[in-house]
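Below is one structure, written out as structure tokens, with a few remarks after it.
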Amino acid sequence: MTPIRLVKGFATVGGWTLASRILGFVRDAWLAAVLGTGPAAQAFIVAFSLPNMFRRFFAEGAFNTAFVPMFSKKYEAGDDPEGFARDAMSGLASVVILLTLVAQLAMPWLVLAMASGFAGDERFDLAVTYGRIAFPYILFISLAALASGVLNATGRFAAAAAAPVLLNVIFIATFWMLPTTGYDAGLAITWAVPFAGLAQFALVWFAAKRAGITLMPRLPRLTPEMRRLARVAAPAMLAGGVVQVNLLVGRQVASYFGDAVAWLYNADRLYQLPLGVVAIAIGVVLLPDLSRRLKAGDTAGSQHSYSRATEFALALTLPSAVALVVASVPLTAVLFERGRFGPEDTLATALAVAVYGIGLPAFVLQKVLQPLYFAREDTRSPFNYALVSMVVNAGLAIGLAPVIGYIAAAVATSAAGWVMVWQLWRGARGMGDAARFDARLRSRAPRIVAASILMGVALALVIWLAGPVFSLPGWRYLAMLGLVIFGMVVYFGGGAMIGAFRLSDFTGAMKRGR
């Protein structure tokens, strides 16, 4: 087999994801400045969350979890991968079109399911209107995810990783044109959602065609392979449903605490930056690589890929988590505090950022552990584990809300994430050497932890000494840039000194046995 170059793949996906997340911060900061945390902002957040919730079922979440390993093995064996992809695309499109039509009729009930606290005030009507406009995004992004899965399975990551950038570019262009058009801000940004989805699909469709896979629709066929795909995808879709229940519980809790829906949304955007850059890169690259190695019987190569992915995840995620906990207040203030987003919003959001930061390593490690199951077409075990994490999440979120308020949703999310990691790790012990850490990772992991703690102490000292600077107009951006650079120097310098990693580990080619 021709191996997928993991580090190059991580860098490609991570780089484009970083660009997308940075533009996403610009988008969210602009959204916060224009709409604040009021009714229109909260209605848009719920409306935009609806298609994004269902995409976890039909797009890069559950469906691709089943599709990518099967397509990867067909691609490796030369067993008509294009025909398989066309059948999968036709079946997926049929289901999603039907879902979209039903959702248009059921939108009031969907909004209530997302945020029942909206009932009886203006947020409800706005969310229903926005939801009907935004929901067709699910069709375009689901088809785009399938085309991206085709590209990733063939080792071509750039176009698929770049597609999300278009979403934020279109959002930012919409905000930029608002003053000259006079359009209602909430409606304008909502209409941008389906147009962005169409642009993303067009980009990856043409990229797949250049790669030799032309995804032309045809009448859906219930072939034996499609039946098998459905059987494998069903538990993954149910697991995706459990994840969405967790999100629904958190949003329901937040909807009863003032502007908490917006606070948690903005906190989510902050921790999603490192989560997206690292976890998405690992999940996208590792799953097809393990699937192809499994098909080729390459146990040693599988262990190497799994260990390097874990090492990559720890080396970038642990310092990010520490930084989110230690620097949550200045980070939130610099990125969001302007316009209608005030100091009280900063403190409430920062608390959620710190709590999510504690769960960040768990969210990333899930993306390392899950491919061990999915590459073996085992989607049932992760589903069973997800059920347990759902019970933990719901129990903590609902049980703690009367005591600690909106922050119970964030506490529950992080706790459930760690419960899920523990179950995935325990379940993978029976998979043999391919699911065990190698000697290099066992040696370096404690040193990565030590370097992260060192960086956290240094950041806390700087924030204590120079805290007021982060609130000074004209200086706070430079102060934040300086804090980020200082933290990186301390972490990477200290880590290199104690042997946590070498810079060449992140840039050198990775081959089996190296």
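Derivation of every value follows stated rules applied to the coordinates shown; laboratory data play no part. Bear in mind that the values here come from a model prediction, so they are computed numbers and not experimental data. All Cβ positions, glycine included, derive from the backbone under ideal geometry; neighbour counts span all protein chains shown.
Values as computed for the structure displayed
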{"read-out": "Burial ranking of peptide ranges 93-101, 443-451 (average Cβ count within 10 Å, highest at the top)", "value": "443-451, 93-101"}
{"read-out": "Where labels lie 7 Å past Cα in the beta-carbon direction, separation of VAL391 and ALA113 in nm", "value": "2.3"}
{"read-out": "Check: segment 39-221 dipole with +1 on Lys, Arg Cβ and -1 on Asp, Glu Cβ, in debye", "value": "420"}
{"read-out": "Gyration tensor (alpha-carbon) shape descriptor, segment 146-269, a/c threshold 1.5", "value": "oblate"}
{"read-out": "Cα lying deepest toward the dipole's positive end in the chain, options ALA192, PHE312, PHE25, charges on Cβ", "value": "PHE312"}
{"read-out": "Efficiency of FRET from Cβ geometry, VAL403 and LEU187, R₀ 30 Å, rounded to 0.05", "value": "0.20"}
{"read-out": "Förster radius 30 Å - calculated FRET efficiency between GLU122 and MET216, Cβ distance, rounded to 0.05", "value": "0.10"}
{"read-out": "Contour excess over end-to-end distance, with Cα ends at TRP475 and MET177 and 0.36 nm allotted per residue", "value": "104.5 nm"}
{"read-out": "Stretch gain in nm, segment ARG426-PHE195, where the contour uses 0.36 nm per residue and the Cα spacing is subtracted", "value": "78.8 nm"}
{"read-out": "Eligible aspartates and glutamates near LYS209 by straight Cα distance, threshold 14 Å, same-chain separation 8 or greater", "value": "GLU82"}
{"read-out": "Residue-wise HN-Hα coupling along segment 320-330, computed from phi with Karplus coefficients 6.51, -1.76, 1.60 (Hz; x: Gly, Pro)", "value": "5, 4, 4, 5, 5, 6, 6, 10, 4, 5, x"}
{"read-out": "Candidate aspartates and glutamates - alpha carbon under 12 Å from LYS73, same-chain residues fewer than 8 apart omitted", "value": "ASP289, GLU377"}
{"read-out": "Cα gyration tensor category, rounded, prolate or oblate, for segment 39-221 with a/c compared to 1.5", "value": "prolate"}
{"read-out": "Backbone HN-Hα couplings from phi across segment 422-438 [Karplus 6.51/-1.76/1.60, Hz, Gly and Pro as x]", "value": "4, 5, 4, 5, 5, x, 7, 5, x, 8, x, 4, 4, 10, 10, 5, 8"}
{"read-out": "Nearest-20 debye value, the chain charge dipole, Cβ charges on Lys, Arg, Asp, Glu", "value": "1660"}
